[in-house]
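Q: First the structure, then my questions, so here it is.
Bear in mind that the values in this text are calculations on the coordinates, not laboratory data. Keep in mind that this is a model prediction, so the values were computed, not measured. All Cβ positions, glycine included, derive from the backbone under ideal geometry; neighbour counts span all protein chains shown.
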Amino acid sequence: MSKFAEPMTRLIDELKKLPGIGSKTAQRLAFHILRSSDEDAEALAVSVREVKANLRLCSICNNITDVDPCVYCSSPTRNQRQVCVVEEPTNIAAIEKTKHFNGGYHVLRGGSDSGLPGATVETSRAQDHADCHGHSCGQRYRVRR
Ligand SMILES: [Zn+2]
């Protein structure tokens with residue numbers, strides 16, 4: 001028999017599935033959620049649902065986005081001929097924070113294992129990237145053909 005009520009045990013079990021969250025942290029988070037306002041708890045639940053319902057991969061750069069093409073690929077003020085190849089979507093935020101790059105991106109691991117819509121679609125930049133092996137891929141930035 002669990003030491004917590006069934007809904008609490010279920011929440012703790014779900015939180016334990018998150019990376020880096022062990023039993024103690026899951027319990028601490030579950031009790032935090034229990035003590036939080038109804039509005040905060042609902043906002044958390046809604047944001048989890050919306051991430052799964054509304055996000056997909058950009059068909060151009062493989063970034064995780066709610067609009068396709070993503071804001072970086074559809075921006076008229078960005079230099080789309082200059083492409084920064086990054087490993088993960090989270091790398092884009094780090095580069096954007098520097099405010100030193102105003103081109104497009106190509107995400108190598110945008111989420112082929114994410115289950116997101118578009119995850120099985122080969123992007124146009126993925127093909128560009130495949131074509132340029134042996135040429136300029138080793139460089140941080142490369143010029144798009
Ligand atoms: Zn994009």
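Q: Would you mind listing the helices (runs of 4 or more DSSP H) fully within segment 33-114 where at least 2 residues are away from the ligand (no atom under 13 Å from the Cβ)?
A: Numbers: elements: 38-54, 71-74, 89-98.
Here the list reads 38-54, 89-98.
Q: Take residue 29 and tell me if it is away from the ligand (no atom under 16 Å from the Cβ), surrounded by 15 or more Cβ atoms within 10 Å (Cβ to Cβ) and not small (Gly, Ala, Ser).
A: Working: away from the ligand (no atom under 16 Å from the Cβ): yes; surrounded by 15 or more Cβ atoms within 10 Å (Cβ to Cβ): yes; not small (Gly, Ala, Ser): yes.
Yes; evaluated as a whole, the condition is true for this residue.
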